[in-house]
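Derivation of every value follows stated rules applied to the coordinates shown; laboratory data play no part. Treat the numbers as computed from the prediction; the structure is a model and nothing was measured. Every residue, glycine among them, receives a Cβ derived from its backbone with ideal geometry; neighbour counts consider all protein chains shown.
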Amino acid sequence: MKNVVALLAMLGFAVFAGCNPPAESGGDANTTTAEVSATSTILCGTCGEVKGSDACCDDSVASCDCGFHKGSALCCKHVENNGQDVCADCGQTVDGAHTCSTDAEKCAECGLVKDSAGCCKLGEAS
């Protein structure tokens, strides 16, 4: 029993200590490279909801005139994705497995990858 408690304590410490980014990363607001996200939030190119969520492609959810689900992350954002999924973390269209690019230039206005489908539509400035 003591071993189980000790293991849980170590795991808890590892999760909380290992998952929190340092308070000061050394970058500034004008950093020109995209950040890597271990778990990107992918938005469905068909309905605009978070891919895999309960609302994703749920026919009972009302659609907006824009074509996406009303109130979804892509609703009325005028994202030019041609039906492809969009990464909410970097703004790029996604086809299959996705990891945000580490060397893509970031938009100074919104923080997403410059000229991506979500640039200035999904980011902080939208």
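Considering only residues of segment 57-100 that are among the polar types (S, T, N, Q) and farther than 20 Å from residue 113 by Cα, which is surrounded by the most Cβ atoms within 10 Å (Cβ to Cβ)?
72
Here's the yes/no breakdown for (1) in a loop (DSSP other than H, G, I, E, B); (2) in contact with a His (Cβ under 8 Å, 6 or more places away or on another chain); (3) in contact (Cβ under 8 Å) with a residue 40 or more places away in the chain; (4) not small (Gly, Ala, Ser):
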residue: 67; (1), (2), (3), (4): yes, no, no, no
residue: 71; (1), (2), (3), (4): yes, no, no, no
residue: 76; (1), (2), (3), (4): yes, no, no, yes
residue: 79; (1), (2), (3), (4): yes, no, yes, yes
residue: 82; (1), (2), (3), (4): yes, no, no, yes
residue: 86; (1), (2), (3), (4): no, no, yes, yes
residue: 98; (1), (2), (3), (4): yes, no, yes, yes
residue: 101; (1), (2), (3), (4): yes, no, yes, no
residue: 104; (1), (2), (3), (4): yes, no, yes, no
